[in-house]
Amino acid sequence: MATDTAKFSIKDLDLWYGESQALKKITFDIQPNTITALIGPSGCGKSTFLRQLNRMNDLIDSVKVQGSVLYDGLDILNDCDVIELRQKVGMVFQKPNPFPMSIYDNVAYGPRLHGLATGKKRHRALDEIVERSLVHAALFDEVKDRMHKSALGLSGGQQQRLCIARVLAVEPDVLLMDEPTSALDPISTAKIESLLDDLKKQYTIVIVTHNMQQAGRVSDATGFFLTGEMVEFGKTDDIFFNPKDSRTESYISGRFG
Amino acid sequence: MITNLSKGRPTIRKGATAEFLGHLWFALSALVVVVLLVLVYYFVGSQSFQTFTQSHISPADFFLSSNWDAQNHLGISYFIIGSLSLVLLSLVFAVPISLAVAVFISEIAPKWLKYPLLRAIELFLGIPSVIFGLFGLIVIVPLIRNFLNLIAGGIFYNGYGLVPAAVVVTFMILPTVATIAYDAMQAVPRELREGSYALGATRRQTISKVLIPAAGPGIMTGVILGIARALGETVAVAFVIGNSQHLPFGLSNYFPYLYIGPTSALTTQLLFNFKEATVGSPLYNALWTISFVLLVISAILVAVSRAFAAKRIY
Ligand SMILES: Nc1ncnc2c1ncn2[C@@H]1O[C@H](COP(=O)(O)OP(=O)(O)OP(=O)(O)O)[C@@H](O)[C@H]1O
Ligand SMILES: [Mg+2]
């Protein structure tokens, strides 16, 4: 088994919202430095699953979870510090959600929380983190002259890259992205897709997408969800060209969902 | 439409007349509001200038002098100071408490507690101010009197003055500021909070660094409304402020070295003096000038609150 080298090892994960079960016996591994795409029809539990990997579901009172999720071998459903986990496992949301503050302050938000810039030259260090993160998110050139202007003045695509920069600034290890380009135009989408390819050298990425071409273009592995179950998981090429399950095949070829 | 057809008599003209009358009613109502407003400003404004024209008091003396003697000299600076310090002290008490209440209901309270609390605050909002005044007189003033006389030596405190007035005003403005702050916090999208939590922020950090700044302009509108009420409140304040022509506070030779005693605000000064003022006397004119000052400040506050409302993000 590849379990001991996996970034995430998910086993028999069940999740309920109150009485209704949203995830059923999810079991698979996510390998480091890969991009894993999660696809499936609306309401099948992709977001719910993703939000379990950094325990965002904790914010919802009615959620009950069973099973195990190991992150680097650590059981994150039980003994784990959520604050530390979320610093390591960052998240980019479907709708860009910049804070109503300056571009600089948005990116500096996480590092300031976690005291990442320390020492005598604290301000310089913070400047460097902010610049490095913006460069990394392919946004720096577009905003370098307006770092202290409100982030709400950016375009949707720029806002989303800012949100990526904001996550990169806390030096995470994993990036969870829930339909990060669904609110964006094709050009912004292309920018973020090429960014993903670059980011995977350093990070493990899990991305939820409704866009089959996107899943095909960017991901190494793909998981197909249907009504709370993981129907099939494998190499992206296999899922797309050689699906084992007939339901996967129907979905890929656009026959339902 | 169908009934019209079945009767065989189109009623288009009747409908048009009804619509015209309806519009006329709205337009006239709006006109009445505007005319009333202009009349109030004109009336109070023209009366207030009599102080300077008919009674020959210099504006500088009127606003800067502290000597108020109904027969001889009229200066309102102490009442201005009284009103301003009442507003400030009330805000010092009310803003942190209101914010805490709003944050608690919006972010912390479990669902089953949330709605009872909101309803309770609405009830609070409806309490007539005279009841707060009575409460201040019967409960707060003796409390302050006993407390001050216990810790202080050398001077007797009767308990009236700025502090009980600010406490009473705090009770009155707290529900207003809290509900407006609560609404402003509710308007902040959930995605923003999630963005903060997802970066590893605690709830406390998310509230103080994202939620409150994002709701800031909305909260400020509530605070300005609170200021307007604190400034304008008369009856409740009259019960406890002590009605004396002194500064609200002063230095003292004895512990705690700061004397707090009976004083007056612009509003209570109006209330207590109007009975004695004969039409056309300097006192009468001066009271109108005080009214006009209150009117102008309230107009400025409304403008400031509009400015904050325009800056709302969510
Ligand atoms: N907060 C919640 N409370 C109760 N039920 C929820 C909640 N969030 C999601 N659900 C339910 O859980 C199921 C899975 O939802 P989820 O959002 O994970 O689907 P999804 O695959 O991300 O869908 P989409 O592609 O539309 O984003 C759905 O039936 C949804 O109605
Ligand atoms: Mg989703």
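The values are calculated or read from the model by the stated rules, or taken from the named source; none is laboratory data. As the structure is a computational prediction, the values presented were derived from the model and not from experiment. Reconstructed Cβ throughout: ideal geometry from the backbone, glycine too, with neighbour counts over all protein chains shown. Ligands, DNA and RNA are excluded from the accessible area calculation, which covers all protein heavy atoms including side chains. Shrake-Rupley method; radii C 1.70, N 1.55, O 1.52, S 1.80 Å.
Numbers for the structure displayed
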| read-out | value |
| --- | --- |
| DSSP bridge orientation in the protein assembly as shown - percent antiparallel, rounded to nearest 5 | 60 |
| Per-pair calculated FRET efficiency, R0 = 56 Å: A:Glu229 and B:Tyr254 via Cβ, rounded to 0.05 | 0.10 |
| Heavy-atom SASA rank of B:Tyr254, A:Tyr71, B:Tyr78 (probe 1.4 Å, accessible area, largest first) | B:Tyr254, B:Tyr78, A:Tyr71 |
| Cα centroid of segment B:38-113 to Cα centroid of segment A:36-112, whole Å | 50 |
| 15 Å Cα-Cα reach of A:Lys191 towards aspartates and glutamates, excluding residues that sit fewer than 8 places from it in its own chain | A:Asp141, A:Glu142, A:Glu179 |
| Average projection area in nm² (convex hull over Cα atoms of chain A, one quarter of hull surface) | 14.2 |
| Distance between segment A:121-139 and segment A:181-243 - C-alpha centres, whole angstrom | 28 |
| Of the DSSP H helices in chain B, those whose Cα atoms cover at least 24 Å axially and whose Kyte score averages 0.5 or more | B:12-53, B:77-103, B:162-187, B:212-232, B:282-310 |
| Neighbouring partner chain Cβ atoms per residue of B:198-208, average, 10 Å criterion | 6 |
| Cβ-derived FRET efficiency at R0 45 Å, B:Val304 paired with B:Lys275, nearest 0.05 | 0.85 |
| Charged-residue dipole, Cβ positions (Lys, Arg, Asp, Glu), chain A about Cα centre, Debye nearest 20 | 640 |
| For chain B, built as a Gaussian network whose Cα springs stay under 10 Å, the top-fluctuating residue of B:Gly82, B:Gly280, B:Gly222 | B:Gly280 |
| Two-decimal ratio, segment A:22-140, of alpha-carbon radius of gyration to 2.2 N^0.38 Å | 1.27 |
| Listed pairs A:Lys64/A:Lys235; A:Lys25/B:Lys209; A:Lys88/B:Lys209; A:Lys11/A:Lys244; A:Lys7/B:Lys114 exceeding 29 Å between Cα atoms | A:Lys64/A:Lys235; A:Lys25/B:Lys209; A:Lys7/B:Lys114 |
| Förster radius 35 Å - calculated FRET efficiency between B:Leu150 and B:Ser66 (Cβ-Cβ, nearest 0.05) | 0.65 |
| Solution diffusion estimate, µm²/s, Stokes-Einstein, segment A:26-94, Kirkwood Rh from C-alpha pairs, 10 °C, viscosity 1.306 mPa s | 120 |
| Karplus 3J(HN,Hα) series, Hz, for segment A:137-151 with 6.51 cos²θ - 1.76 cosθ + 1.60 (x for Gly, Pro) | 8, 6, 10, 3, 4, 6, 10, 5, 8, 9, 4, 9, 8, 4, 5 |
| Within a Gaussian network of chain A (alpha carbon springs, distance under 10 Å), most fluctuating of A:Ser133, A:Ser194, A:Ser219 | A:Ser194 |
| Spread of Cα-to-Cα distances over 10 Å intervals beginning at zero, given as percent, for the protein assembly as shown | 3, 13, 18, 17, 14, 14, 12, 7, 3, 1, 0 |
| Fraction of accessible area attributable to carbon and sulfur, chain A (%, probe 1.4 Å) | 49 |
| Given charges at beta-carbon only (K, R positive; D, E negative), |dipole| of segment B:78-309 in Debye | 420 |
| Full-stretch length increase - A:Lys95, A:Ala183 - with 0.36 nm per residue and alpha-carbon distance subtracted | 31.1 nm |
| For segment B:149-293, accessible area per residue (1.4 Å probe, heavy atoms of protein chains only), Å² | 38 |
| Computed P(r) (all Cα pairs; segment B:83-221; 10 Å bins; percent) | 11, 32, 29, 18, 9, 1 |
| Accessible surface of segment B:78-309, 1.4 Å probe, proportion on carbon and sulfur as whole % | 73 |
| Acute angle (nearest 10 degrees) that the helix A:186-199 long axis makes with the longest principal axis of chain A, alpha-carbon atoms | 90 |
| Shape parameters for chain B, alpha-carbon atoms, Rg then Dmax in Å | 25.4, 94 |
| GNM top mover of B:Ser58, B:Ser77, B:Ser98 - chain B, alpha-carbon springs below 10 Å | B:Ser58 |
| B:Leu64 - accessible surface, heavy atoms, 1.4 Å probe, Å² rounded to 10 | 140 |
| Total accessible surface hidden between A and B, rounded to 100 Å², 1.4 Å probe | 1700 |
| Size of electric dipole in the protein assembly as shown: Cβ of Lys, Arg +1 and of Asp, Glu -1, about Cα centre, debye, nearest 20 | 1080 |
| Binned Cα-Cα distances of segment A:196-257, short to long, each 5 Å bin given as a whole percent | 4, 16, 30, 27, 13, 7, 3, 0 |
| For a label point 7 Å along the Cα-to-beta-carbon line of A:Asp61, residues of segment B:80-111 with backbone N under 16 Å | B:104-111 |
